[in-house]
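Below: the structure, in structure tokens.
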Amino acid sequence: MKAKFLALCAFIACLSLNAQKPEKVKFDGYYKNIPEYNLNIDGYTLQTEFDKYIQDLFAEKNLDLCIKGFEKGGEDLKLYFSVKEPEIEVRIDKGTQNIDGKTYTNYTAVVSASSESKLLMINKDGFPVKEIILEPNLKSIEKKGFPVTSKAAAEEEAKKIQKENASKIKKAYALGLFKVYQSKLDDLYGEFNQSFRYRVFEIKAKKFDYTEFNNATQEFVQADSVYNINSEDNQTKIHDAINIWKKYADEYTPGKKNKICDLNIDEINFNIAMGYLALGDVNNLEAYWNKCLQISGNKTVEFYSKDDVENMIQNLALSVENKDKPMQPLDNYIAKENYNTQLFLNSIFSAYLQSKWRDSYLTIHYFPAQPQLLKTATITKNYYEKSHEYLNMNYTRFGNISSLTYRTEKGYYPDKTYRYTFEYCNDGISKVLMNGNRVVFSVGYYLGNISSVVWNISDSKSITFSFENEAPGHINVQTTYAEGSKRVEGDNKDYIEYDENYNVVAFHLMDSDCDNQGYDKYGNVNSWTFTNPNNDQTATVSFDLNLDAKGNAVKINSDQDYSVDASYEYQF
């Protein structure tokens, strides 16, 4: 009988305590976004380069990339956004499964998508200040089959998945791509009120009166449920709610079964943190968020808010660090794709062009140092009277050369003209074609770096350059000569060296030799040391450079019978 009485007392006590536990209120509200950078601009412009699929899809969904909080228009900042139609990718994942102590191999069909995309930001002086390359969360996009024991069965399932889901996967990838770029701009620069699924609390009880607390929660919900949370009336309601919540929090004594007790203090602190989240008051947000984390309370609701809260705390630190920093040109505008492209152009392809000329050992000044904003480039290399090399180049966005016309003029030889077009993959140049049909160079990649270059001299003769990154700044090049079915390995003395800015500083390739190339801060060659293969003598040539506003050389003079004239047309 006594045991039953004690159990009943415990049950009643439990009811009393449970009556003090908070009840969750969920609603869609807003908070003031804190970006990583404070943009000091009046406006911006956006240019896009979409193929028809992307253009139609984004128009259908009314998607327009923007920097929230800033008006479109003006020349302070220019955005260039490029997206290509996603391509379906199929792979077979190999795995293992343990059944009854035995390990079995299985295969899973996976169908996904990929696309080339890029966002370039250019300041009012025409220099790139930010390059962003992103991809969406593939796990939410790709479709997987069931693990099977046969690879052939997995391949068949992949065909079925592709047939049934390809269009959905492409669409999901493209829309996900837009979302991650917009989200990135929001994090970096957005000044706006961010939408957010809030979870705050009321406290229902019979023993204590929480009317004031609950009214404050409802006032907060009302004020924060509209986009214009910055109005004077809504700001006042949010501040008042926070003050009432804090008054209740001050009544807390650990371990005491009072009005504010261990059962509800975590949720009260959470309400206060959400109030400061809405205001964009990150210092107080961080203080009360840490209180929530320290108390063993409602971890589930904290999980739902964790990413937004911690992102805002991180952005505040970055925002303070970057406060009033001007939009400076990138110190080292070398993305992986640009590095691979410039490495190929300024070593193997330059040596190739020099082999067409043959009247000089100069393997330099064929390509601009700052190509990223070019539309066209015209370069004339002058040696002596009536002896010139002419290069006319066209560029796509972001410094990718699309076509090149190379012409030689020698007074005692017929003029010769060569036309090249360039094809690209995600990592850089993939092919160079002469006269639009014959593949002169094929470029292979491994883990994002150039791994091989094949020079097709003719239909039956070729040279393969295999790259091995021996150490940072040094690439060993193994040369293999092929003619018909014959293969002959080179002497393994070929190499390419580059500096910390990825400028090619030295190389030995075939008969072309460069002992040292010096550079100015923009990447223009201002000195060149080479060894004359006829007498093994080394010589150094210094150059005087006249640069344009973008850092490209428009005039190069030397103390030899050699000079360069150049002109450029820019995208912006």
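The values are calculated or read from the model by the stated rules, or taken from the named source; none is laboratory data. What you are looking at is a predicted structure, and each value in this text was computed from that prediction instead of being measured. A quick note on method: Cβ atoms are made from the backbone with ideal geometry, for glycine too, and the neighbour counts reach across all protein chains shown. Remember, those area values only see protein heavy atoms, side chains included, never the ligands or the DNA or RNA. Shrake-Rupley method; radii C 1.70, N 1.55, O 1.52, S 1.80 Å.
The packing ranking of peptides 228-240, 268-280, highest mean first, is 268-280, 228-240, where packing means the average number of other beta carbon atoms within 10 angstrom of each residue.
Here the peptides 421-428, 541-548, 250-257 are ranked by packing, the mean other Cβ count within 10 Å, and the order with the highest first is 421-428, 541-548, 250-257. Residue by residue, segment 378-387 carries 3J(HN,Hα) couplings of 10, 10, 10, 9, 9, 10, 8, 3, 6, 9 Hz when phi is fed to the Karplus relation 6.51 cos²θ - 1.76 cosθ + 1.60 (θ = phi - 60°); x denotes Gly or Pro. For Asp56, the solvent-accessible surface computed with a 1.4 Å probe is close to 70 Å², ligands and nucleic acids excluded. About its Cα centre, segment 434-572 has a charge dipole of approximately 540 debye under the convention of +1 per Lys or Arg Cβ and -1 per Asp or Glu Cβ, with nothing else charged. The trypsin sites (Lys or Arg not before Pro) of segment 59-116 meeting both criteria, a DSSP state outside H, G, I, E and B (loop) and at most 12 other C-beta atoms within 10 angstrom of the site's C-beta, are Lys61. Roughly what angle does helix 299-321 make with the longest principal axis of the chain, taking Cα atoms, 0 to 90 degrees, to the nearest 10? In the chain, helix 299-321 runs at an angle near 50 degrees to the longest axis. The 3J(HN,Hα) values that the Karplus relation (6.51, -1.76, 1.60; θ = phi - 60°) gives for segment 242-251 are, in residue order, 4, 4, 5, 4, 5, 4, 5, 4, 5, 7 Hz. Gly and Pro appear as x. Between the amide H of Ile203 and those of Glu23, Asn214, distances stay under 5 Å, these residues lying 5 or more places away or on another chain, with hydrogens modeled in the peptide plane. Against the main long axis of the alpha-carbon atoms of the chain, helix 211-224 sits at an angle near 30°.
Can you list which of the trypsin sites (Lys or Arg not before Pro) found in segment 448-503 are DSSP loop residues with at most 11 other C-beta atoms within 10 Å?
Those that pass, being in a loop and sparsely packed, are Lys493.
In a simple Cβ point-charge model (Lys, Arg +1; Asp, Glu -1; nothing else charged), segment 120-230 has a dipole of about 680 debye relative to its Cα centre.
Mean sequence separation of contacting Cα pairs (under 8 Å, at least six apart), scaled by the length of the chain, corresponds to a relative contact order of 11 percent. Phi-derived couplings, Karplus 6.51 cos²θ - 1.76 cosθ + 1.60 at θ = phi - 60°, listed residue by residue for segment 434-440: 9, 6, x, 9, 8, 6, 8 Hz, with x used for Gly and Pro. Relative to the first principal axis of the alpha-carbon coordinates of the chain, what is the inclination of helix 282-294, with its axis defined by its Cα atoms, in degrees from 0 to 90 and to the nearest 10? Once rounded, the angle reads 60 degrees. When the listed pairs Lys179/Lys375; Lys124/Lys555; Lys84/Lys159; Lys94/Lys486 are checked against a 31 Å cut-off, the alpha-carbon distance exceeds it for Lys94/Lys486.
Which lysines does Lys386 reach when only Cα atoms under 16 Å apart count, and residues fewer than 8 places away in its own chain are ignored? In chain and number order, the partners are Lys410, Lys416. Can you classify the chain as rounded, prolate or oblate using the Cα gyration tensor, where a ≥ b ≥ c are the square roots of its eigenvalues, rounded means a/c under 1.5, and otherwise it's prolate if a/b beats b/c and oblate if not? Because a/c hits 1.5 or more and a/b exceeds b/c, the chain counts as prolate.
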